[in-house]
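Below is one structure; the comments refer to it alone.
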Amino acid sequence: MSQGYGKSHASLRVWFWRAGRFFHTRLRELRAIAKALISTKHPFLVHIIPIRRCNLACTYCNEFDDFSQPVGVEEMKKRLDLLADMGTSIITISGGEPLLHPELDDIIRHIRRRGMIAGVITNGFLLTKERIEQLNRAGLEHLQISIDNTMPDEVSKKSLKTLDQKLNLLANHAYFQVNINSVLGSGVKDPEDALKIAHRAVDLGLTSTVGIIHDHDGQLKPLGPREIEIFEEIMTLSKRSFSRFNQFQHNVARGKEHNWRCRSGSRYLYICEDGLVHWCSQQRGYPGIPLSQYTPEMRQREYSTKKFCAPRCTVSCVQQVGMLDNWRDPQNLSPMPMTLPATPQAELVQIGEVRGDS
């Protein structure tokens, strides 16, 4: 293999395209932030689920099954058109495992065609050189992989050992920005794993973040002294991630409740595979309204609704969106009474032992 450029062995061609996409995407992100600061009438970030099925079965995860069929691409495009018409800035495709969707590239292309920023959260197991090049051509701008440990165990197979080859492929061939998320907190056997994962990501020229897990009772549990040291070091490793500005993560690490204004249901939306709008992945079931029927008035009401789960939330993507509006518009409404659906597909999922890595 040739010497290549930078920390990986990526070719000059890859570095050229990567740099172009990075600066183009960063400019679009800055424009999206400016637009969001001027107006509160549109969603900033939307997580959308094209498939609930996953090829793994991590024991902590409540966001997958092993049987669901993918949502048809034409239906996905209709949902994306609705979101684009709302003025949405960023779409993150999640799951399940989105790489199992046979027409994922068409979905990404449609996001870009409608002027929105396109990201994917994946476990990384299905990545190959050819698959990465397909994602390059589709116009993907962000990809995130969460790695739970250095060696696979009974809880998670998403280990550095099993995924390191995939990280090398991304470092050598991806045009899009790649972020590697490690975890600390309850259930993590060896906190030193998070530091090893973060340093490996940065050594490859990728960005790194860290998520914090609740304890088994769904409560905030302070990290130990060494865990806090690891947390602070990881937070300083990446110079390109907006998440390093989040004070809430420092509060979570120390078991403190965080005073903020959650704008889920308005500035942040979670769209499940059934096309229903939810607060987030950990509060599925409310408001539970079809996206096609979700009006600007409904979004405005959720913007002003105080969320009971906010002080102990560890869902970092929602917290990041909240930074846009924490300084304005106090929340003085309570959630509307919830009408449970006849089918269990939108059953409310209370926050329990969940990840803060979205």
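In the structure shown, do any of LYS129/LYS158; LYS158/LYS221; LYS196/LYS307; LYS78/LYS158 have a Cα-Cα gap over 28 Å, and if so which?
LYS196/LYS307; LYS78/LYS158
Ranking of HIS101, HIS24, HIS142 by solvent-accessible surface, largest first: HIS24, HIS142, HIS101 (1.4 Å probe, protein heavy atoms only, all chains present). Whole-Hz Karplus values for segment 320-332 come out as 5, 5, x, 4, 5, 10, 4, 8, 9, 6, x, 9, 10 Hz, taken residue by residue from phi with 6.51 cos²θ - 1.76 cosθ + 1.60 and θ = phi - 60°; glycine and proline positions read x. Across segment 1-101, the relative contact order, built from alpha-carbon pairs under 8 Å that are at least six residues apart, equals 32 percent. Among LEU140, LEU223, LEU82, the largest mean-square fluctuation in a Gaussian network model of the chain, built with springs joining Cα atoms closer than 10 Å, belongs to LEU82. Close amide-amide hydrogen proximity is noted between GLY265 and TYR270, each under 5 Å apart and 5 or more residues distant or on a separate chain (H modeled in the peptide plane; Pro and chain starts excluded). Contact order, relative form, for the chain: 16 percent (alpha carbon pairs under 8 Å, 6 or more residues apart, mean separation divided by residue count). Listed peptides 72-79, 147-154 appear in the order 147-154, 72-79 once ranked by packing, highest mean of other Cβ atoms within 10 Å at the front.
With a Förster radius of 30 Å applied to the beta-carbon distance between GLU257 and LYS35, the computed FRET efficiency rounds to 0.45.
Its relative contact order, with pairs defined as Cα atoms under 8 Å and 6+ residues apart, puts segment 147-208 at 36 percent. Can you give the FRET efficiency for ARG312 and ARG131, using 1/(1 + (r/R0)^6), R0 = 41 Å, r = Cβ-Cβ distance, to the nearest 0.05? Computed FRET efficiency for ARG312 and ARG131: 0.65. Amide H contacts under 5 Å for LEU206: none, restricted to partners 5 or more places along the chain or on a different chain, H placed in the peptide plane at 1.01 Å from N. With a 1.4 Å probe rolled over the protein heavy atoms of all chains, the accessible area of TRP15, TRP260 falls in the order TRP15, TRP260, largest first. In order along segment 18-26, the Karplus-derived 3J(HN,Hα) couplings, from 6.51 cos²θ - 1.76 cosθ + 1.60 at θ = phi - 60°, round to 5, 5, x, 5, 4, 5, 5, 5, 5 Hz, and Gly and Pro are given as x.
Can you put VAL202, VAL210 in order of accessible area, largest first, using a 1.4 Å probe?
Values: VAL202 30, VAL210 0 Å².
Result of the area sort, largest leading: VAL202, VAL210.
Which one, (1) 20.1, 70; (2) 19.3, 62; (3) 21.6, 69, gives Rg and Dmax of the Cα atoms in Å as derived from the coordinates shown? Computing Rg and Dmax of the Cα atoms in Å and matching it to (1) 20.1, 70; (2) 19.3, 62; (3) 21.6, 69 gives (2). Looking at the chain, the DSSP beta bridges with both ends there are about 15 percent antiparallel. Only helical runs count toward this figure. For the chain, summing -39,500 (n - 2.57) over DSSP H runs of n ≥ 4 and dividing by all residues gives -10500 deg cm²/dmol at 222 nm. For SER292, the accessible area of its heavy atoms, probed at 1.4 Å with every protein chain present, is near 90 square angstrom.
Based on the Cβ-Cβ distance from TRP17 to LYS196, what FRET efficiency comes out when R0 is 35 Å, to the nearest 0.05?
That pair, TRP17 with LYS196, gives E of 0.70.
Using a cut-off of under 15 Å, list every residue of segment 45-69 whose amide N is near the label point 7 Å from the Cα of ASP106 along the Cα-to-beta-carbon line. Inside the label zone: 50-51. The solvent-accessible area of VAL188, taken with every protein chain present and a 1.4 Å probe, is close to 30 Å². Heavy-atom accessible surface of LEU99, to the nearest 10 Å², is about 20 Å², with a 1.4 Å probe and all protein chains retained.
Working note: Karplus 6.51/-1.76/1.60 with θ = phi - 60° gives segment 255-270 the couplings x, 9, 5, 10, 8, 8, 10, 6, 9, 4, x, 9, 7, 10, 10, 10 Hz, where Gly and Pro are set to x.
The values are calculated or read from the model by the stated rules, or taken from the named source; none is laboratory data. The model shown is predicted, which means the values in this text are computed figures rather than measured ones. Glycine gets a Cβ as well: all are built from the backbone with ideal geometry, and neighbour counts include every protein chain shown. Accessible surface areas use protein heavy atoms only, side chains included; no ligands, DNA or RNA. Shrake-Rupley method; radii C 1.70, N 1.55, O 1.52, S 1.80 Å.
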